[in-house]
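K.L.:
Got a structure for you, questions after.
The values are calculated or read from the model by the stated rules, or taken from the named source; none is laboratory data. If you're wondering where the values come from, they're calculated on a predicted model, not measured in any experiment. Backbone-built Cβ (ideal geometry, glycine too); neighbour counts: all protein chains shown. Calculation scope for accessible area: heavy atoms of the full protein, side chains included, ligands and nucleic acids excluded. Shrake-Rupley method; radii C 1.70, N 1.55, O 1.52, S 1.80 Å.
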Amino acid sequence: MRKLFYPLFVLGLLVTLGFVYKNYENKKNAIPEIKIRNKNVSSTSEWLNTKASMEGLIDKIRRNPADLKSKLQLAMLYVQEGRTTGDHAYYDEASLILVNQVLAKDANNFDALCVKSTLLLSQHHFSDALIAANNVVNLYPDAAYGYGLLCDAKVELGDYKGAVEAADKMISIRPDLRSYSRVSYLREIYGDYKGAIEAMTMAVKASVTGMEQTEWCRAQLGKLYENVGDFTSAKLQYDLSLAARPDYAYALAGMGRLAKQNKNYEEAINYYIKANESVTDFAFNDELIDLYRLNNQNDEAQKVGNKLIENLKLHANTDAAAPDKGHYADKELAYVYLKMGNSDKALEHATREWNRRPNNIDVNECLAWVYFNKNDLPDAQKFMQHALVTNSQNPVLRARAAQIMK
């Protein structure tokens, strides 16, 4: 009996191990599924074409799991889908699964390395993104896109001089929408709105009207015009964007800001609600809190604020969590908690963000504003001084600085 038992035991163990290994391999090589878009953007020809492309790539991968090219193409489509819908919580992770599968077989694949760095930036893992971007530049020093990733990471970490150097290198290799838009943002950071508008105009002209990337740049151009008080030119950009890409969320948000400027709060609320139906973006709901309060709808403001905190916490990473999982959202949480009257939680999150990137001017502005709202003027002034080091002329920053530095 024993002689029979041991072979059967070993056989059973091998079968079990084989089953476990197969499940592990299946999980490791899993193909993240497509999510159906919200109804506002689910019937456009662009979505139908994008969905068909995704489905075709998924079918190829299922038939040939070793097809790295198709996995990479699907990862890139998922990155763009996250950008288009604002559902970064799902699509960033989905893209990362695919990219890691590619890099496991081809560690120096240029496109895969670029996508991974892009995803780390999207998740606000800026220090890791900087390492990844440096890796791209070191391996492929003649590729413009690597310097764009390097520029983005350096901006977020507050190395503005290094960001300018990276942007200069990028545009010298390939002047296009990507490089012009980065130059524009850096000029804005340094208070040069005329130069920022000029560069963003070139970005819009360098790409195809109606594409998401083009209309994003056009919406940013409109916002630049807003910041210098040229609301007529701002509206023109939003009108053009909405004509080229109907219901484009960031153009709708721009129209909402213009309506708010004119104290048409009900109209502004409707614009933001419509934008929210197409794209998930923290800024839309953050703005809605203020608009509902301005329109004497305090209960609605409370609902939006509580829901926003819940959603940010749901997908947010913390220092105790796995470093490669989820988004860092502490700056966003700090601002919402502050609006909801919880300055202690706001300080907790603002400090956590500052500990990650103490040289970023936006993070210093956030911490300064939290301290100001806690009636701690000395600390507010200390952090606001750093927020002003680039001479940014952003009107919100300047208004806060006027209150704090008086």
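K.L.:
Return the residue satisfying two criteria in turn: it lies in the range 99-119 and is free of Cβ contacts under 8 Å to residues at least 24 places away in the same chain and not polar (S, T, N, Q), and of such residues it is farthest from Asn64 (Cα to Cα).
P.N.:
Let us first name the residues in the range 99-119 that are free of Cβ contacts under 8 Å to residues at least 24 places away in the same chain, namely 100, 103-104, 107, 116.
Remaining after also requiring not polar (S, T, N, Q): 103-104, 107, 116.
On the way: Leu103: 17, Ala104: 16, Ala107: 20, Lys116: 23 Å.
In this case the residue turns out to be Lys116.
K.L.:
When you look at Asn355, is it at positive phi, without any contact (Cβ under 8 Å) to a residue 24 or more places away in the chain and surrounded by fewer than 21 Cβ atoms within 10 Å (Cβ to Cβ), yes or no? Full working, then the answer.
P.N.:
Details: at positive phi: no; without any contact (Cβ under 8 Å) to a residue 24 or more places away in the chain: yes; surrounded by fewer than 21 Cβ atoms within 10 Å (Cβ to Cβ): yes.
No; evaluated as a whole, the condition is false for this residue.
K.L.:
Still on this structure, please answer the following. Would you pick out the residues in the range 155-167 that are touching a helix residue (DSSP H, G or I) at 6+ places or on another chain (Cβ under 8 Å) and either within 23 Å of Lys223 (Cα to Cα) or surrounded by fewer than 20 Cβ atoms within 10 Å (Cβ to Cβ) (or both)?
P.N.:
Just the residues of the range 155-167 that are touching a helix residue (DSSP H, G or I) at 6+ places or on another chain (Cβ under 8 Å), to begin with: 155-158, 160, 162-164, 166-167.
Passing the criteria: Val155, Glu156, Gly158, Tyr160, Gly162, Ala163, Val164, Ala167.
K.L.:
For the range 217-265, give me each residue that is farther than 19 Å from Ala399 by Cα and touching a residue at least 40 places away in the same chain (Cβ under 8 Å). Quick ask: steps written out before the conclusion?
P.N.:
Taking the range 217-265 as the starting set, the residues that turn out to be farther than 19 Å from Ala399 by Cα are 217-222, 232-256, 259, 264-265.
Once the filter is applied, which keeps residues that are farther than 19 Å from Ala399 by Cα and touching a residue at least 40 places away in the same chain (Cβ under 8 Å), the range 217-265 yields Cys217, Asp247, Ala249.
K.L.:
Go through (1) buried (at least 22 other Cβ atoms within 10 Å of the Cβ); (2) outside any helix (DSSP H, G or I) and name the single condition Pro65 misses.
P.N.:
Every condition holds for Pro65 apart from (1).
K.L.:
Output the qualifying pairs, or none if there are none: Cβ atoms under 7 angstrom, residues six or more apart or on different chains, first residue in the range 358-376 and within 27 Å of Lys161 (Cα to Cα) and at pLDDT 95 or above, second residue not in a helix (DSSP H, G or I) and not β-branched (Val, Ile, Thr).
P.N.:
Here the result reads Asn359/Gly158; Asn359/Asp159; Asn360/Gly158; Ile361/Gly158; Ile361/Ser392; Val363/Arg357, each pair linking the range 358-376 to a residue that is not in a helix (DSSP H, G or I) and not β-branched (Val, Ile, Thr).
K.L.:
Sticking with this structure for a sec: Starting from residues that are part of a loop (DSSP other than H, G, I, E, B) and under 15 Å from the mean Cα position of the chain (by Cα), keep the ones in the range 77-116 and report whichever is farthest from Glu215 (Cα to Cα).
P.N.:
Restricting attention to the range 77-116, the residues satisfying the condition of being part of a loop (DSSP other than H, G, I, E, B) are 86-87, 106-109.
Applying the additional criterion that residues be under 15 Å from the mean Cα position of the chain (by Cα) yields 86-87.
Working: Gly86: 15, Asp87: 18 Å.
This residue is Asp87.
K.L.:
Please work out which residue is least open to solvent (accessible area, probe 1.4 Å), limiting yourself to the range 276-307 and to residues that are within 29 Å of Gln80 (Cβ to Cβ) and more than 16 Å from the chain's Cα centre (by Cα). Working first, answer last.
P.N.:
Initial filter on the range 276-307 (within 29 Å of Gln80 (Cβ to Cβ)): 276-288, 304, 307.
Now restrict to residues that are more than 16 Å from the chain's Cα centre (by Cα): 277, 287-288, 304, 307.
Working: Glu277: 81, Glu287: 35, Leu288: 6, Val304: 24, Lys307: 102 Å².
Looking at the filtered set, the residue picked out is Leu288.
K.L.:
Let me ask another. Within the range 91-101, does at least one residue satisfy the condition of being at pLDDT 85 or above, among the hydroxyl-bearing types (Ser, Thr, Tyr) and surrounded by 11 or more Cβ atoms within 10 Å (Cβ to Cβ)?
P.N.:
So the first thing to find is which residues in the range 91-101 are at pLDDT 85 or above, and the list is 91-101.
Now drop any that are not among the hydroxyl-bearing types (Ser, Thr, Tyr), which leaves 91, 95.
From what is left, the residues that are surrounded by 11 or more Cβ atoms within 10 Å (Cβ to Cβ) are 91, 95.
Yes, the range 91-101 contains at least one residue that is at pLDDT 85 or above, among the hydroxyl-bearing types (Ser, Thr, Tyr) and surrounded by 11 or more Cβ atoms within 10 Å (Cβ to Cβ).
K.L.:
Residue check, Ser127 against (1) open to solvent by 60 Å² or more (accessible area, probe 1.4 Å); (2) farther than 21 Å from Leu157 by Cα, all met but one. Which one?
P.N.:
Just one mismatch for Ser127, condition (2).
K.L.:
When only residues in the range 366-406 that are among the β-branched types (Val, Ile, Thr) and within 23 Å of Asn342 (Cβ to Cβ) count, which is surrounded by the most Cβ atoms within 10 Å (Cβ to Cβ)? Spell out the reasoning first.
P.N.:
Filtering the range 366-406 for residues among the β-branched types (Val, Ile, Thr) gives 370, 389-390, 396, 404.
Subset that is within 23 Å of Asn342 (Cβ to Cβ): 370, 396, 404.
Details: Val370: 27, Val396: 11, Ile404: 20.
For the range 366-406, the residue satisfying everything is Val370.
K.L.:
Quick check on my filter: what residues within the range 232-273 are open to solvent by less than 10 Å² (accessible area, probe 1.4 Å) and β-branched (Val, Ile, Thr)? Can you show your working first?
P.N.:
Kept after step one, since they are open to solvent by less than 10 Å² (accessible area, probe 1.4 Å), are these residues of the range 232-273: 234, 238, 241, 249, 251-254, 256, 259, 268-269, 272.
Correct list: Ile269 only.
K.L.:
So how many residues does the range 175-218 have that are in a helix (DSSP H, G or I) and under 19 Å from Val164 (Cβ atoms)?
P.N.:
So the first thing to find is which residues in the range 175-218 are in a helix (DSSP H, G or I), and the list is 177-189, 193-205, 212-218.
Add one more test, that the residue is under 19 Å from Val164 (Cβ atoms), and what stays is 177-189, 193-200, 202-203.
So the count comes out to 23.
K.L.:
Go through the range 184-231 and give me each residue that's among the acidic types (Asp, Glu), under 20 Å from Cys151 (Cβ atoms) and crowded, with 18+ Cβ neighbours inside 10 Å.
P.N.:
First, the residues of the range 184-231 that are among the acidic types (Asp, Glu): 188, 192, 198, 212, 215, 226, 230.
With the extra rule that they be under 20 Å from Cys151 (Cβ atoms), the set shrinks to 188, 192, 198.
Listed by number, the list holds a single entry, Glu188.
K.L.:
Test each condition in (1) assigned to a helix (DSSP H, G or I); (2) of a type outside the set (Asp, Glu); (3) under 21 Å from His327 (Cα atoms) for Thr280 and report the one that comes out false.
P.N.:
Only one criterion in (1) assigned to a helix (DSSP H, G or I); (2) of a type outside the set (Asp, Glu); (3) under 21 Å from His327 (Cα atoms) is unmet by Thr280, namely (1).
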